[in-house]
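Visitor: Structure incoming, see below.
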Amino acid sequence: MDSKHLHWADQTAEKIIREKGDKETYTCASGITPSGTVHIGNFREIISVELVARALRDKGKKVRFIYSWDDYDVFRKVPKNMPRQEMLAEHLRFPITMVPDPTGRDESYARHNEVDVESELPKVGIYPEYLYQSERYRSSLYAEGIRTALEHRDQLKNILDKFRDDDHKIQGEWWPISVFCDNCNKDETDIDGWDSEWGVSYHCNSCNHKETVDIRSSKGVKLGWRVDWPMRWEYEKVDFEPAGKDHHSQGGSFDTARLVCKEVYNWDAPVSFRYDFIGVKGSAGKMSSSSGNVINLADVLRVYIPEIARYLFAGTRPNTEFTISFDLDVIKTYEDFDKTERIAWGAEKAKDESVYQKERRIYELSQVGNMPVMMPYQIPFRHLCNLIQIADGNIEKVIADIDDIQSEQLEGLRRRCMCAKYWVEECAPEEFKFQLRPSGEISSVLQDDEKAAVKSLREDVIAVIESFADDKACAEAIYKTAEKHNMDGKILFRAAYQALIGKDQGPRLASFLRTINKDRLLDILAAY
């Protein structure tokens, strides 16, 4: 059984080859308007295209993966998470590429949002060819495509009206283009006419400027979205581009773009599929860049290693809605990935051959690059978080205490440690966090009988902790200590946690005691 027939990315690659024919190079496309922070829902499209592109390459095909920054779109709304709101508001209706960066870091607002994405994508192994639509429009690269749209104005109007009811059909004179005023830069203009060649006349409702421009040299003429998209499909010869379920709804922009592409630009629309929305645990509703209430790829990579960031998408069909968690479910996500990793490396037996092949392929596609030279070193994420807290956040100390790790595994473990440290410090619920008490500090909340039991725990269990073969044997010794003091085990557990971390609960006590350095435990409890 070939694993490269089981995964949705491979199945999509096969469909592209089947429908588009055997070509020397296949063009896969994605893109977005950098109107605000590019959130993790937008990233789903990017990585979906990358996974399909990788599947095509695995079949021996050449792939051009283009990512269009629609930075010549109009700036419609000021996101709430941006500084200098008033300054941004002054640039509403400008092209996004002409809006200043409110942070001063980059040459424009659009470029700021682009850089935030372009700097993160290599961390998850994604290297598209970026196309900046502001540059392409301003250089009149699409002059022919614009003229074609003007020549087919009535036909385009009919296509756009095809999926609209009578109340929503285009009324009055309509043009497939808009113009950014050459005087004030806003798109608050009306088209006055077209000379059937290259000349377009317009007037500005904002500053009253009027002029006739040549679309072969003008920097301000732009196609409307539902015509621009299919025009670029033909221009770039796009073979594959997915879209969100809002675009893929019946009569949505993809349906109209498909007709425009074929009937006006004489090009078959790309193979596509619908991808669904992504939720964030604890956050209600659909994410929106314009509102500023978003989680982006950088946020995800602070908690999840790059392979798991890819795994979240590679392991889920695109048309399935799912949630990215930052709460305790982070632990389960790591556990699920670790199981896939063990199956892929043969360290854990799969249920059957088909399960093995499927898990192996998901794991391959989850890699940032090629498969590692050996299986990564696994420490359960929950345990790793405990180790980091025991080490007071010192990652190098955690790694130094591991004696069976290979040099090839160090970098991967260090990245996992960094994610665990960030999660436990910034995201984990308070009941999960702990800090070991200083040596010799006695808990003020313990009764005398509890203090006596803690003293026995120190002398009868911790002092000989190396003699216990496993956690079970250690747990039995802890319960014997409770019996010795005629105490319920739960009371001793609470007393031990209070003495060690100042809380009523903590990690599984036997494992916890066996994990912490013996001398440090004895010092902490020395005053008892």
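Visitor: If residue 399 satisfies every condition in (1) part of a loop (DSSP other than H, G, I, E, B); (2) under 29 Å from residue 431 (Cβ atoms) but one, which is the exception?
Guide: (1)
Visitor: Please enumerate the residues belonging to the range 319-349 that are of a type in the set (A, V, I, L, M) and touching a strand residue (DSSP E or B) at 6+ places or on another chain (Cβ under 8 Å).
Guide: If the condition is that a residue be of a type in the set (A, V, I, L, M) and touching a strand residue (DSSP E or B) at 6+ places or on another chain (Cβ under 8 Å), then 324 is the only one that fits.
Table: residues versus (1) under 12 Å from residue 525 (Cβ atoms); (2) β-branched (Val, Ile, Thr); (3) without any contact (Cβ under 8 Å) to a residue 24 or more places away in the chain.
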site: 450; (1), (2), (3): no, no, no
site: 459; (1), (2), (3): yes, no, yes
site: 466; (1), (2), (3): no, no, no
site: 474; (1), (2), (3): no, no, no
site: 478; (1), (2), (3): no, yes, no
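Visitor: OK, next. If the requirement is being in the same structural domain as residue 423 (by TED's automatic domain parsing), in contact (Cβ under 8 Å) with a residue 24 or more places away in the chain and part of a loop (DSSP other than H, G, I, E, B), which of these qualifies: 342, 317?
Guide: None of the other options fit; the residue is 317.
Visitor: Could we say that residue 402 is of a type outside the set (S, T, N, Q), touching a residue at least 12 places away in the same chain (Cβ under 8 Å) and surrounded by 15 or more Cβ atoms within 10 Å (Cβ to Cβ) here?
Guide: no
Visitor: Select from the range 225-246 the residues that are crowded, with 18+ Cβ neighbours inside 10 Å and part of a loop (DSSP other than H, G, I, E, B) and list them in ascending order.
Guide: 238, 239, 241, 242
Visitor: Exactly one condition in (1) of a type in the set (A, V, I, L, M); (2) crowded, with 21+ Cβ neighbours inside 10 Å; (3) touching a strand residue (DSSP E or B) at 6+ places or on another chain (Cβ under 9 Å) is not met by residue 92; state its number.
Guide: Failed condition: (2).
Visitor: A further question follows. I need a count of the residues in the range 247-260 that are free of Cβ contacts under 8 Å to residues at least 60 places away in the same chain, surrounded by fewer than 23 Cβ atoms within 10 Å (Cβ to Cβ) and in contact with a helix residue (DSSP H, G or I) (Cβ under 7 Å, 6 or more places away or on another chain).
Guide: 3
Visitor: From the set of residues in the range 412-435 that are among the small types (Gly, Ala, Ser) and at pLDDT 95 or above, which is surrounded by the fewest Cβ atoms within 10 Å (Cβ to Cβ)?
Guide: If we take residues in the range 412-435 being among the small types (Gly, Ala, Ser) and at pLDDT 95 or above, then 412 is surrounded by the fewest Cβ atoms within 10 Å (Cβ to Cβ).
Visitor: Oh, and also: Being modelled with pLDDT under 95 and over 30 Å from residue 243 (Cβ atoms), is that true of even one residue in the range 316-339?
Guide: Yes, some residue in the range 316-339 is modelled with pLDDT under 95 and over 30 Å from residue 243 (Cβ atoms).
Visitor: If we keep just the residues of the range 32-54 that are hydroxyl-bearing (Ser, Thr, Tyr) and under 14 Å from the mean Cα position of the chain (by Cα), which is surrounded by the most Cβ atoms within 10 Å (Cβ to Cβ)?
Guide: 37
Visitor: For residue 470, are the conditions met, namely being under 44 Å from the mean Cα position of the chain (by Cα), outside the structural domain of residue 377 (by TED's automatic domain parsing) and closer than 30 Å to residue 376 by Cα?
Guide: Here the answer is yes, as residue 470 does meet what is asked.
Visitor: Being surrounded by fewer than 14 Cβ atoms within 10 Å (Cβ to Cβ) and closer than 28 Å to residue 482 by Cβ, is that true of even one residue in the range 380-394?
Guide: Yes; the residues of the range 380-394 include at least one that is surrounded by fewer than 14 Cβ atoms within 10 Å (Cβ to Cβ) and closer than 28 Å to residue 482 by Cβ.
Table: residues versus (1) farther than 17 Å from residue 178 by Cβ; (2) free of Cβ contacts under 8 Å to residues at least 60 places away in the same chain.
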residue: 68; (1), (2): yes, no
residue: 85; (1), (2): yes, yes
residue: 97; (1), (2): no, yes
residue: 102; (1), (2): yes, yes
residue: 105; (1), (2): yes, yes
residue: 108; (1), (2): yes, yes
residue: 114; (1), (2): yes, no
residue: 126; (1), (2): yes, no
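Visitor: From 127, 132, which residue is among the hydroxyl-bearing types (Ser, Thr, Tyr) and under 26 Å from residue 227 (Cβ atoms)?
Guide: Selected residue: 132, the only one of 127, 132 that is among the hydroxyl-bearing types (Ser, Thr, Tyr) and under 26 Å from residue 227 (Cβ atoms).
Visitor: Moving on. Starting from residues that are outside any loop (DSSP other than H, G, I, E, B) and aliphatic (A, V, I, L, M), keep the ones in the range 200-224 and report whichever is surrounded by the fewest Cβ atoms within 10 Å (Cβ to Cβ).
Guide: Here the residue is 213.
Visitor: Follow-up. Please determine, by comparing only the residues of the range 470-522 that are among the acidic types (Asp, Glu) and assigned to a helix (DSSP H, G or I), which one is nearest to residue 385 (Cα to Cα).
Guide: Step by step, filter the range 470-522, then rank; the result is 471.
Visitor: Also: Any chance the range 61-70 includes a residue that's surrounded by fewer than 16 Cβ atoms within 10 Å (Cβ to Cβ) and part of a helix (DSSP H, G or I)?
Guide: no
Visitor: Does the range 363-381 contain at least one residue that is outside any loop (DSSP other than H, G, I, E, B), touching a Phe, Trp or Tyr at 6+ places or on another chain (Cβ under 9 Å), in contact (Cβ under 8 Å) with a residue 60 or more places away in the chain and not β-branched (Val, Ile, Thr)?
Guide: Among the residues of the range 363-381, at least one is outside any loop (DSSP other than H, G, I, E, B), touching a Phe, Trp or Tyr at 6+ places or on another chain (Cβ under 9 Å), in contact (Cβ under 8 Å) with a residue 60 or more places away in the chain and not β-branched (Val, Ile, Thr), which makes the answer yes.
Conditions tested, residue by residue: (1) farther than 23 Å from residue 408 by Cα; (2) surrounded by 20 or more Cβ atoms within 10 Å (Cβ to Cβ).
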site	(1), (2)
337	no, yes
344	no, yes
347	no, no
350	yes, no
354	yes, no
364	no, no
371	no, no
374	no, no
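Visitor: Please tell me if residue 103 is among the hydroxyl-bearing types (Ser, Thr, Tyr) and in contact with a Ser or Thr (Cβ under 7 Å, 6 or more places away or on another chain).
Guide: no
Visitor: Can I ask one more? Inspect all residues belonging to the range 51-64 and state whether any of them is touching a Gly at 6+ places or on another chain (Cβ under 8 Å), small (Gly, Ala, Ser) and closer than 30 Å to residue 10 by Cβ.
Guide: Within the range 51-64, none of the residues are touching a Gly at 6+ places or on another chain (Cβ under 8 Å), small (Gly, Ala, Ser) and closer than 30 Å to residue 10 by Cβ.
The values are calculated or read from the model by the stated rules, or taken from the named source; none is laboratory data. Being a predicted model, the structure only gives us computed values, none of them experimental. Quick reminder, even Gly has a Cβ in these numbers, built from the backbone with ideal geometry, and neighbours come from all protein chains shown.
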